[in-house]
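We did not get these values from a lab; they are worked out from the coordinates using the rules stated. Source: prediction; values computed, not measured. Cβ placement follows ideal geometry from the backbone for every residue including glycine, while neighbour counts extend to all protein chains displayed.
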Amino acid sequence: MAAGLSRDERAIFKELSTLLGDSEKVLMGLPARMTYDADSYTVERAIPSAIVFPETTDEVQRLVRWCVRKGIAYVARGAGTGLSGGTLPPHGGLVITLKRMNRILAVDIENRQIHAQAGVVNIRLTEAVKAHGLHFAPDPSSQTVATLAGNIAENSGGPHTLKYGVTAPHILRVTMVDARGEVVSLGRRTEAGPGLDLLGLVIGSEGTVGIITEAWVRVVPVAPAVKTALAAFSTPRDATEAVAEVIAAGVVPAALEMMDKNILGALHDAFGLQFPEGTQALLLIECDGQPEAVEAEAAEVARIMESNGAIDVHVAKDETERTRLWIARKKGVGALGRVAPSKVTHDGVIPRSRLPEVLDYVYEVAEEFGVYVANLFHAGDGNLHPIFCFDDRDPKQIENVVAAGHKIAAKCVEVGGSVTGEHGVGVEKSSLLKVMYSEDDLKLQKDVRDIFDPGPNCNPGKILPDQKGYGHMHTSRGLNR
Ligand SMILES: Cc1cc2nc3c(=O)[nH]c(=O)nc-3n(C[C@H](O)[C@H](O)[C@H](O)COP(=O)(O)OP(=O)(O)OC[C@H]3O[C@@H](n4cnc5c(N)ncnc54)[C@H](O)[C@@H]3O)c2cc1C
């Protein structure tokens, strides 16, 4: 891929190819670089100088050491499904993509653990142990594409987080090339060990303290019984009040997902899905566990749905029907592709009892800024995901989408929640951390990060406020910061 490069670029291409022992592991040239100028948050973009595809921890280490030696910025990338701009390289430099590190290295059924490379796609972990009645519980809705290390770096949630937790409790140990270029192992294959919890620090750090190359993960038994239902409501408020009551009653469904009328409209237009007459909001509820407990839990949930005005509650009779009920949830985001050329999936989290009022607020803010919004979210976790549909060729629309998102995030904090529930801070939310933390809180975070990466070379410009340091989108011409 050296055709069309300038003399300086050809020299860099040669250097990187030699470092990795293969020119097929290096991409340069503007068309290739532009492909990597954003992840799934497409409002901000920055073009990298080169993209590299290491296949081993040793190759990642060589790349990081090369960057440190030259003072060049780098950022790790998995599948690029991140929704807060974590993989865009604001200062140019290298995008180090882990997609070719996609091998499962060991499956230890006896201890219910898997050892895998960073770029293994999430769903493959479950596929590797399915025959033994086990699964990897973290299941972001992007799980057929997103990578293990991307999940770890974002501490991802998913539809089943309500019962099984986010990614963190399922990660035992990682191998990481730190920002000095040293290979370190953090965590243990047994339960927590002595010393500072550096594994905890790495999980959710959005690739700002090093590049994860391998991980040992925990897998857990698949529940022996599962029951899935769809409940239709004539107002979003009835649906959110039902969610709040389920949680207040101490019931913990495996999943409790909400879709509003704009999602349902898009699903109808795209896939011909039909919903009961007058449906303005839909809840998908899944209970799992021992058969008797599941029956009791499902009956209690159905009672709560009905007492909150559900106009229809439909329980799946078998596995085929269960899969059909999930279609609405799984195809909702894709269906919105028909509505507008671009979308931003906003993300916040609030105490579940505040869902009814904050969802009302989301609609008000969208109207105030003239932005089309659809809502599809992990309601049981108190996660809000207003999805803004717009045309990113119009700067005014981008401005409105960003302003509406910031206003909603501030509301989440005001009611006792957070500016992000599971999609991370990236570049999207960094200025908003000031709404949540004091200057001293943020300074401590920066001091800790500086210990790991004094450069900063490792994913600079992310998470902490005032770090962006880049003036405009579509930046970066050379391999400099
Ligand atoms: C349709 C759709 C549905 C989604 N559903 C959910 C959901 O239900 N729950 C949820 O939490 N998220 C969801 N997401 C967001 C996204 O899929 C997750 O954040 C996912 O974990 C990102 O994985 P990835 O491999 O795509 O990472 P990327 O987008 O490539 O990277 C994300 C971040 O991780 C860092 N990173 C990547 N690899 C490494 C590494 N090897 N070492 C260190 N840092 C690294 C990057 O630098 C970046 O900061 C969804 C996204 C889409 C598009």
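The table for this structure:
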read-out	value
Anchor LYS331: aspartates and glutamates whose Cα lies under 14 Å away (excluding residues fewer than 8 positions away in-chain)	GLU257, ASP260, ASP269
Full-stretch length increase - GLU399, ALA270 - with 0.36 nm per residue and alpha-carbon distance subtracted	43.6 nm
Cβ-Cβ FRET estimate between THR190 and ARG69, R0 fixed at 41 Å, reported to 0.05	0.65
The chain - share of DSSP beta bridges that are antiparallel (%, nearest 5)	85
ASP108 paired with GLU357, simple spin-label distance in nm, labels 7 Å along Cα-to-beta-carbon	4.9
Top positive-direction residue, dipole computed over the chain with Cβ charges, set VAL26, ALA116, ALA249	VAL26
Theoretical FRET efficiency, 1/(1+(r/R0)^6), r = Cβ-Cβ of ASP440 and LYS317, R0 45 Å, to 0.05	0.20
Three-way shape call for region 42-145 based on the alpha-carbon gyration tensor, with the a/c threshold at 1.5	oblate
Simple label model, 7 Å out from Cα along Cβ direction - ARG180 to LEU201, nm	1.2
Helix-only [θ]222 nm of the chain, DSSP H runs n ≥ 4, -39500 (n - 2.57) each, per residue, nearest 500	-10500 deg cm²/dmol
Per residue Cα convex hull volume in Å³ - calculated over the chain	150
Rounded to 5, the percent of DSSP beta bridges in region 1-111 classed as antiparallel	20
Full-stretch length increase - ASP58, ARG303 - with 0.36 nm per residue and alpha-carbon distance subtracted	82.5 nm
Sparse-neighbour loop sites [trypsin sites (Lys or Arg not before Pro); region 1-97; at most 12 other C-beta within 10 Å; DSSP]	none
Distance (nanometres) between label positions extended 7 Å along Cα→Cβ at GLU24 and ILE451	4.3
Contour minus Cα-Cα distance for ARG100 and ARG324 (0.36 nm per residue)	77.3 nm
Set of aspartates and glutamates near LYS99 by C-alpha distance (under 17 Å), chain-local residues within fewer than 8 positions excluded	ASP22, GLU24, ASP37, ASP39, GLU55, ASP58, GLU59, GLU154, GLU206, GLU214
Measure of compaction for region 87-200 (Cα Rg per 2.2 N^0.38 Å)	1.11
Calculated FRET efficiency for the pair ALA410/HIS132, C-beta based, R₀ 45 Å, to 0.05	0.45
Equivalent-ellipsoid semi-axes of region 316-439, from the Cα gyration tensor, Å, largest first	26, 20, 13
Cα shape, region 163-306, gyration tensor, a/c 1.5 rule	prolate
Residue order, fewest to most surrounding Cβ atoms within 10 angstrom, among LYS130, LYS411	LYS130, LYS411
Net dipole in debye of region 151-239 [+1 Lys, Arg Cβ; -1 Asp, Glu Cβ; about Cα centre; nearest 20]	360
Average Cα contact separation per residue, region 39-153, under 8 Å, 6 or more apart, as relative contact order %	26
The chain, dipole about Cα centre (Lys/Arg Cβ +1, Asp/Glu Cβ -1), debye to the nearest 20	1780
Entries of LYS343/LYS396; LYS70/LYS429; LYS407/LYS434; LYS261/LYS317 with Cα pairs more than 18 Å apart	LYS70/LYS429; LYS261/LYS317
